[in-house]
Amino acid sequence: MTKEEASARYRIPIKILDEYESWGLCDVVKQVMGVWQYDDTDIERLGLIMTLHDIGFSHEEVKRYMQLSLQEGSSDPIRLKMLEQLRCKALDEIHFKERQLAWMDELRNEIEKGRKEDA
């Protein structure tokens, strides 16, 4: 399947397909008459790339994760560490947002309390 067909069928942005090709991850992708041809393995890898982008990995982190996933030998500990670091960052952001909500609620309560006292 061509880049355009893969993009349309699986809703993969052309930008992601371009990244995939530029990173040299498409060993099994065949170039026929100047047009890349994608197979099911490529589509699975592209799905993972999109997931990694969606969960917050940077462009460079996605590239590193994918290169590690294709290495012979076990890169599992390194990829797990990458995921754990991103998870910790997400939890920090969640906790910060929870504190912000608590502060907002406190301010709202003060305003409502003041309105009741004025009534």
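The values are calculated or read from the model by the stated rules, or taken from the named source; none is laboratory data. All of these numbers come straight from a predicted model, not from anything done at the bench. So basically every Cβ, Gly included, is an ideal-geometry build from the backbone, and we count neighbours across all protein chains shown. These area figures cover heavy atoms from the full protein model, side chains too; ligands, DNA and RNA do not enter into them. Shrake-Rupley method; radii C 1.70, N 1.55, O 1.52, S 1.80 Å.
Would it be correct to say that M50 is out of contact with any strand residue (DSSP E or B) (no Cβ under 8 Å at 6 or more places or on another chain) and open to solvent by less than 60 Å² (accessible area, probe 1.4 Å)?
Values: out of contact with any strand residue (DSSP E or B) (no Cβ under 8 Å at 6 or more places or on another chain): yes; open to solvent by less than 60 Å² (accessible area, probe 1.4 Å): yes.
It is true that M50 is out of contact with any strand residue (DSSP E or B) (no Cβ under 8 Å at 6 or more places or on another chain) and open to solvent by less than 60 Å² (accessible area, probe 1.4 Å).
So K89 passes all but one of these: (1) in contact with a Leu (Cβ under 7 Å, 6 or more places away or on another chain); (2) open to solvent by 90 Å² or more (accessible area, probe 1.4 Å); (3) not β-branched (V, I, T). Which condition number does it fail?
All conditions pass for K89, except number (1).
Of all residues in region 8-21, how many are more than 17 Å from the chain's Cα centre (by Cα) and within 12 Å of W36 (Cα to Cα)? Break it down into steps so the answer makes sense when it comes.
Residues of region 8-21 more than 17 Å from the chain's Cα centre (by Cα): 8-9, 21.
Remaining after also requiring within 12 Å of W36 (Cα to Cα): 21.
Final tally of qualifying residues: 1.
Determine, yes or no, whether L83 is without any contact (Cβ under 8 Å) to a residue 24 or more places away in the chain, over 23 Å from E21 (Cβ atoms) and surrounded by 13 or more Cβ atoms within 10 Å (Cβ to Cβ).
Details: without any contact (Cβ under 8 Å) to a residue 24 or more places away in the chain: yes; over 23 Å from E21 (Cβ atoms): yes; surrounded by 13 or more Cβ atoms within 10 Å (Cβ to Cβ): yes.
So L83 fits the description; yes.
Condition check: hydrophobic (A, V, I, L, M, F, W, C), at pLDDT 95 or above and closer than 30 Å to V62 by Cβ. Does L101 satisfy that? It would help to see each step written out before you state the result.
Working: hydrophobic (A, V, I, L, M, F, W, C): yes; at pLDDT 95 or above: yes; closer than 30 Å to V62 by Cβ: no.
No; evaluated as a whole, the condition is false for this residue.
Could you check G56 against (1) open to solvent by less than 50 Å² (accessible area, probe 1.4 Å); (2) out of contact with any helix residue (DSSP H, G or I) (no Cβ under 9 Å at 6 or more places or on another chain) and say which number it fails?
Exception for G56: condition (2).
I need the full set of residues from region 105-118 which are open to solvent by less than 100 Å² (accessible area, probe 1.4 Å) and modelled with pLDDT of 90 or more, in order please.
Kept after step one, since they are open to solvent by less than 100 Å² (accessible area, probe 1.4 Å), are these residues of region 105-118: 105, 109, 112, 114.
D105, N109, E112 - these are the residues of region 105-118 that are open to solvent by less than 100 Å² (accessible area, probe 1.4 Å) and modelled with pLDDT of 90 or more.
Can you name every residue in region 29-88 that is assigned to a loop (DSSP other than H, G, I, E, B) and either over 21 Å from I14 (Cβ atoms) or among the aromatic types (F, W, Y) (or both)? Don't jump to the end; show me each part of the working.
Kept after step one, since they are assigned to a loop (DSSP other than H, G, I, E, B), are these residues of region 29-88: 29, 33-34, 38-39, 56-58, 71-75.
If the condition is that a residue be assigned to a loop (DSSP other than H, G, I, E, B) and either over 21 Å from I14 (Cβ atoms) or among the aromatic types (F, W, Y) (or both), then Y38, G56, F57, Q71, E72, G73, S74, S75 are the ones that fit.
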